[in-house]
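Colleague: Got a structure here, written out as structure tokens. Questions coming.
The values are calculated or read from the model by the stated rules, or taken from the named source; none is laboratory data. None of these values were measured; they are calculated from a predicted model. Here the Cβ positions follow ideal geometry from the backbone for every residue, glycine too, while neighbour counts run over all protein chains shown.
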Amino acid sequence: MQEKYAHKDVERAAHAHWNANDAYRVTEVAGKKKFYACSMLPYPSGKLHMGHVRNYTINDMLTRYLRMNGHNVLMPMGWDAFGLPAENAALKNGVPPAKWTYENIAYMKQQMQAMGLAIDWSREVATCDPSYYKWNQWLFLKMLEKGIAYRKTQIVNWDPVDQTVLANEQVIDGKGWRTGATVEKREIPGYYLNITAYADELLDHVQLGNPKATLNGWPDKVRLMQENWIGKSEGVRFAFPHDIKAADGALIGDGRMYVFTTRADTIMGVTFCAVAAEHPLAHHAALSNPALAAFIEECKTGGTTEAELATQEKKGMATGLFVTHPLTGAQVEVWVGNYVLMSYGDGAVMGVPAHDERDFAFALKYDLKIQQVVAVDGEAFSNTAWADSYADKQRGVCVNSGVLDGLSQKAAVDKVAELLAAQGLGEKKTTFRLRDWGISRQRYWGTPIPIIHCAEHGAVPVPEKDLPVVLPQDCIPDGSGNPLHKHEGFHAGVVCPICGKAARRETDTMDTFVDSSWYFMRYCDPTNSEKMVADGADYWMPMDQYIGGIEHAILHLLYARFWTKVMRDLGLVKVDEPFSKLLTQGMVLNHIYSRRTEKGGKDYFWPQDVEHVLDEAGKVVGAKLIKAVGDLPVGTAIDYEGVGTMSKSKNNGVDPQDLIEKYGADTARLYTMFTAPPEATLEWNDAAVEGSYRFLRRVWGFGNKLCATAGLGALAANVGQQTLSKAAKALRLEVHTVLKQVDYDYQRMQYNTVVSGAMKMLNALDDFKGDGSVGDNAALAEGFGMLLRCIYPATPHIAHSLWVELGYAATLGDLLDAPWPQADEAALQRDEIELMLQINGKLRGSITVPAAADKAAIEAAALASEAFVKQANGAAPKKVVVVPGRLVNVVV
């Protein structure tokens, strides 16, 4: 074997071996315990980042460990290939998104293969492939048939210059991210999926403390995030009657303005109501109020999500309209509020300034009445300063509320519901924060929605026999809207399935969350052209371990859970939940260095071009360049921003390809596993990378020393039949003790301590001073073979190479399927034990006694020890105290 560790040669040979044996192809094997381990599929952005390396190495270590333990393990991979980044790249580079996407897939696949991942590439899927998205379309049509999918108008962000809809994150300070144009809110038709019909089940399965919960293998923080997003609320929905009529003389909303509240106990404190800019009452009032109409237009340039509304300034304007309080008969003024969303509830809220912090601030701003109707014993109330006690539901009781006075929150809610029901104006109701999933995107690079628009019959589903509706791949977006509108081939020859007359295709495409909501099912039957999923899903699902970033904790996981339940209800799968266990790996962080430009912007600098400036205490207080960058000379002072997530935009990323080229894939893998537990953030450290590389060189060097010993595999297999020296027994004790801990750490996926254990094993082997006997060589051979198997899941290339070079494969088979080593209980039994020796309670050394020595033998050994004889100076012992397994104390 080569004397020095040459990672490129080692990894090239390992890949050739695995490829020649098609080592990672997996089939369904009846009677063999299956394990499905999957990482969230990546977006083909062009290059892997260190977060990918960490995610996939975690998955790979789990896969290899379980395979060595006799499991049938599936580790697939695919590409979340549709989406806006490809369109942005097309705009920038003038190439079709398809070309950019497939080129990136090819490059990233090469990078993954270079990492030595145990991926079954025969199951690879790309969501932009018609053979995949055909089934998006097929299931959408099934949902239409069942009423789960439906069409309605939706409020969207509209860029009037680009003539396109923008995602919320593309609206910056009310303006389009690309054009800078003031964004408008528009109502346009779109397709929705009725996820709210599954809200109770989605909540029950994930909710902490719920006896119906089935996702106990998920992190509590993720379960809580999903629970909060679903947002189940118990309250009262009721109406404020009114006599406001539209231009045609009909009562608007049948003379009722509905609201929902969880604080019906505060109903007597209502001093105003607020409606969304799109509410029919707002529209009616604006017809005769130009100032209000202008304000409503201003509201339409604001955010469309709760998160955005929570941070923006709360503004309002009175409509001049009044509704009637349902219990008191008082007239309540209606305002338009920019913080009210038409898409949430009924688009109207009751304003109770005394007991809602947002309403309190709104009332102070617009000089509205604040009426206290809940009091907390011992807490003062002020109309000028908010206190949290005003909203205390647990301690509060009703005051200034007539028939409700003295009631607790729950009792008051029940009473209010009773009173409103008696008038036919309200009832108790459960609502959810969760809203139906709008899947229509006015974009090109996505799954075409299979609908045909006919002048006579409207929106007509595409017949199943005509699926897939194929997305043209030759479009190059130019920023002037969806190019499908103008693509003649996309609409050519299209006729209405009902009447046969010329028609046009739907140009909206599906939200890319659709693509990622079931890809893991497709991995089970990736080439089945007749069914969306088949027998493979029955075998592999539910997934046993899902791995991905915390940033996907809400929407992706929620939509995947919903999609699975729909597939179950349509008889396609037999599982209620897709993912039994979830691991959210931590981010990879690196130092960030920047400098303000003359124009107020920021330039960022690569860590390798910078050194820290330290104060007298050694604390980092700044940084300076150690390499000229542009016009900035060496020594230029720059700012140190601490550590943050690796990002291309901040010049603090590390290219895995550079790392693999310099140190090898095994070093990259080992570093990401050793430096921090999988769930924790990992702070990049170049010195630790070097340390990982040094460890692998040590492993190789030790293997090189052993290569002169023939038949290592056979020696290792027969170590139990050899006569072992005291040193060999001690080595086996150390190695098997560490192995037991390593195995435990593998089971709990604490891979950083797995690597620590492997380092302890190598130290024990390095420290062993054998005599060259067969027994000593057998102990070494066994120990090194165990080390190779322990590091194999983390560093498969070097472990494979040494396993073959040293002859282990000849006896124990290919390392990929070699049996996982088991700790030998006999090796864990000590012949001798060391006890601390105390004289008059002070530590004076130690004694070694047979492990089976009784109290009398231990006492005799203590009294015969050199330390006792010296300390006693001829005096007889008064007392000897033995603490079994720990110490012996002689009192003189």
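Colleague: Which condition from (1) closer than 28 Å to SER39 by Cα; (2) over 24 Å from the mean Cα position of the chain (by Cα); (3) modelled with pLDDT of 95 or more is the one that GLU87 breaks?
Modeller: With respect to (1) closer than 28 Å to SER39 by Cα; (2) over 24 Å from the mean Cα position of the chain (by Cα); (3) modelled with pLDDT of 95 or more, GLU87 is out only on (3).
Colleague: Taking into account only those residues within region 3-26 that are loosely packed, with under 13 Cβ neighbours inside 10 Å and touching a residue at least 12 places away in the same chain (Cβ under 8 Å), which is nearest to TRP540 (Cα to Cα)?
Modeller: In this case the residue turns out to be ARG25.
Colleague: Further question: Would you confirm, using the coordinates I've provided, whether THR723 is part of a loop (DSSP other than H, G, I, E, B), of a type in the set (Ser, Thr, Tyr), in contact with a helix residue (DSSP H, G or I) (Cβ under 9 Å, 6 or more places away or on another chain) and under 24 Å from GLU834 (Cα atoms)?
Modeller: Against the criterion (part of a loop (DSSP other than H, G, I, E, B), of a type in the set (Ser, Thr, Tyr), in contact with a helix residue (DSSP H, G or I) (Cβ under 9 Å, 6 or more places away or on another chain) and under 24 Å from GLU834 (Cα atoms)), THR723 qualifies.
Colleague: Scan region 660-686 for residues that are surrounded by fewer than 20 Cβ atoms within 10 Å (Cβ to Cβ) and either assigned by TED's automatic domain parsing to the domain that holds ILE638 or under 20 Å from GLY586 (Cβ atoms) (or both) and jot them down.
Modeller: Hits for region 660-686 are ALA676, PRO677, GLU679, ALA680, THR681, GLU683, ASN685, ASP686.
Colleague: Among the helices (runs of 4 or more DSSP H) confined wholly to region 736-813, which include 3 or more residues that are within 40 Å of the chain's Cα centre (by Cα) and of a type in the set (S, T, N, Q)?
Modeller: Per the criteria, 751-767.
Colleague: Does THR811 satisfy the condition of being among the β-branched types (Val, Ile, Thr) and in contact (Cβ under 8 Å) with a residue 40 or more places away in the chain?
Modeller: yes
Colleague: Here is a follow-up. Looking at region 621-635, is at least one residue of a type in the set (A, V, I, L, M, F, W, C), closer than 24 Å to MET108 by Cβ and buried (at least 20 other Cβ atoms within 10 Å of the Cβ)?
Modeller: No, the conditions are met nowhere in region 621-635.
Colleague: Ok, one more. Scan region 466-476 and give yes if some residue there is more than 36 Å from the chain's Cα centre (by Cα) and either within 21 Å of ASP129 (Cβ to Cβ) or surrounded by fewer than 21 Cβ atoms within 10 Å (Cβ to Cβ) (or both), otherwise no.
Modeller: Within region 466-476, one or more residues are more than 36 Å from the chain's Cα centre (by Cα) and either within 21 Å of ASP129 (Cβ to Cβ) or surrounded by fewer than 21 Cβ atoms within 10 Å (Cβ to Cβ) (or both).
Colleague: If I ask for residues that are in contact with a helix residue (DSSP H, G or I) (Cβ under 9 Å, 6 or more places away or on another chain) and among the acidic types (Asp, Glu), which ones from region 450-489 would you list?
Modeller: GLU464, ASP474, ASP478
Colleague: State all residues of region 138-164 that are out of contact with any strand residue (DSSP E or B) (no Cβ under 7 Å at 6 or more places or on another chain), within 26 Å of LYS465 (Cα to Cα) and not in a loop (DSSP other than H, G, I, E, B); if no residue qualifies, say none.
Modeller: TRP138, LEU139, LYS142, GLU145, LYS146, listed by residue number.
Colleague: Pick from VAL629, VAL621: which is within 26 Å of LEU682 (Cβ to Cβ), modelled with pLDDT of 90 or more and not acidic (Asp, Glu)?
Modeller: Result of the check over VAL629, VAL621: VAL621.
Colleague: Please work out which residue is surrounded by the fewest Cβ atoms within 10 Å (Cβ to Cβ), limiting yourself to region 101-151 and to residues that are under 26 Å from PRO189 (Cβ atoms) and of a type in the set (Ser, Thr, Tyr).
Modeller: Looking at residues that are under 26 Å from PRO189 (Cβ atoms) and of a type in the set (Ser, Thr, Tyr), I get TYR150.
Colleague: Related question: Within region 126-136, work out how many residues are out of contact with any strand residue (DSSP E or B) (no Cβ under 7 Å at 6 or more places or on another chain) and under 18 Å from ILE451 (Cα atoms).
Modeller: Total meeting the criteria: 4.
Colleague: Which of (1) surrounded by fewer than 22 Cβ atoms within 10 Å (Cβ to Cβ); (2) touching a Cys at 6+ places or on another chain (Cβ under 8 Å); (3) of a type outside the set (Val, Ile, Thr) is the odd one out, the single condition ALA758 does not satisfy?
Modeller: Only one criterion in (1) surrounded by fewer than 22 Cβ atoms within 10 Å (Cβ to Cβ); (2) touching a Cys at 6+ places or on another chain (Cβ under 8 Å); (3) of a type outside the set (Val, Ile, Thr) is unmet by ALA758, namely (1).
Colleague: How many residues are crowded, with 16+ Cβ neighbours inside 10 Å, of a type in the set (D, E, K, R) and in a strand (DSSP E or B) if we restrict to region 815-860?
Modeller: 1
Colleague: Continuing with the same structure: Name the strands (runs of 3 or more DSSP E) wholly inside region 378-468 in which the number of residues that are of a type in the set (Lys, Arg) is 2 or more.
Modeller: In region 378-468, the matching strands (runs of 3 or more DSSP E) lie at 426-432.
Colleague: Of all helices (runs of 4 or more DSSP H) completely enclosed by region 514-576, which ones contain at least 1 residues that are touching an Asp or Glu at 6+ places or on another chain (Cβ under 7 Å)?
Modeller: 535-540, 555-569
Okay, residues lined up against (1) under 30 Å from VAL95 (Cα atoms); (2) out of contact with any Asp or Glu (no Cβ under 6 Å at 6 or more places or on another chain); (3) outside the structural domain of GLY479 (by TED's automatic domain parsing); (4) charged (D, E, K, R):
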residue	(1), (2), (3), (4)
TYR366	no, yes, yes, no
ILE370	no, yes, yes, no
ASP377	no, yes, yes, yes
CYS398	no, no, yes, no
ASP405	no, yes, yes, yes
LEU419	no, yes, yes, no
GLY424	no, yes, yes, no
ILE439	yes, no, yes, no
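Colleague: Out of LYS47, LYS8, I need the residue that is more than 19 Å from the chain's Cα centre (by Cα), assigned to a loop (DSSP other than H, G, I, E, B) and of a type outside the set (Ser, Thr, Tyr). Which one?
Modeller: Only one candidate qualifies: LYS47.
Colleague: Would you confirm, using the coordinates I've provided, whether MET749 is in contact with a strand residue (DSSP E or B) (Cβ under 9 Å, 6 or more places away or on another chain) and surrounded by 18 or more Cβ atoms within 10 Å (Cβ to Cβ)?
Modeller: Taking the combined requirement at face value, the residue satisfies it.
Colleague: If you don't mind, another one. Which residue, of PRO450, PRO463, is surrounded by 14 or more Cβ atoms within 10 Å (Cβ to Cβ) and not hydrophobic (A, V, I, L, M, F, W, C)?
Modeller: Sole residue among the options that is surrounded by 14 or more Cβ atoms within 10 Å (Cβ to Cβ) and not hydrophobic (A, V, I, L, M, F, W, C): PRO450.
Colleague: Let me ask something else about it. PHE605 passes all but one of (1) closer than 20 Å to LYS648 by Cα; (2) among the hydrophobic types (A, V, I, L, M, F, W, C); (3) surrounded by fewer than 14 Cβ atoms within 10 Å (Cβ to Cβ); which number fails?
Modeller: Every listed condition holds for PHE605 apart from (3).
Colleague: Suppose we keep only residues that are farther than 24 Å from MET673 by Cβ and polar (S, T, N, Q) within region 761-814. Which one would you say is surrounded by the fewest Cβ atoms within 10 Å (Cβ to Cβ)?
Modeller: SER773
Colleague: Now a separate question. Check whether at least one residue in region 181-196 is assigned to a helix (DSSP H, G or I), crowded, with 17+ Cβ neighbours inside 10 Å and in contact with a helix residue (DSSP H, G or I) (Cβ under 6 Å, 6 or more places away or on another chain), and report yes or no.
Modeller: For region 181-196, residues assigned to a helix (DSSP H, G or I), crowded, with 17+ Cβ neighbours inside 10 Å and in contact with a helix residue (DSSP H, G or I) (Cβ under 6 Å, 6 or more places away or on another chain): present.
Colleague: Given the structure, is GLU298 surrounded by fewer than 21 Cβ atoms within 10 Å (Cβ to Cβ), of a type in the set (Asp, Glu) and more than 33 Å from the chain's Cα centre (by Cα)?
Modeller: yes
Colleague: What is the number of the single condition among (1) closer than 30 Å to ALA6 by Cα; (2) part of a helix (DSSP H, G or I); (3) among the aliphatic types (A, V, I, L, M) that ALA708 does not meet?
Modeller: It is condition (2) that ALA708 fails.
Colleague: Looking at MET567, MET587 in this structure, which one is aliphatic (A, V, I, L, M) and either at pLDDT below 95 or under 28 Å from LEU62 (Cα atoms) (or both)?
Modeller: Answer to the selection: MET587.
Colleague: Considering only residues that are among the aliphatic types (A, V, I, L, M) and either touching a helix residue (DSSP H, G or I) at 6+ places or on another chain (Cβ under 8 Å) or more than 21 Å from ALA730 (Cα to Cα) (or both), which ones fall in region 828-857?
Modeller: Within region 828-857, LEU828, LEU835, LEU837, ILE839, LEU843, ILE847, VAL849, ALA853, ALA856, ALA857 meet the criteria.
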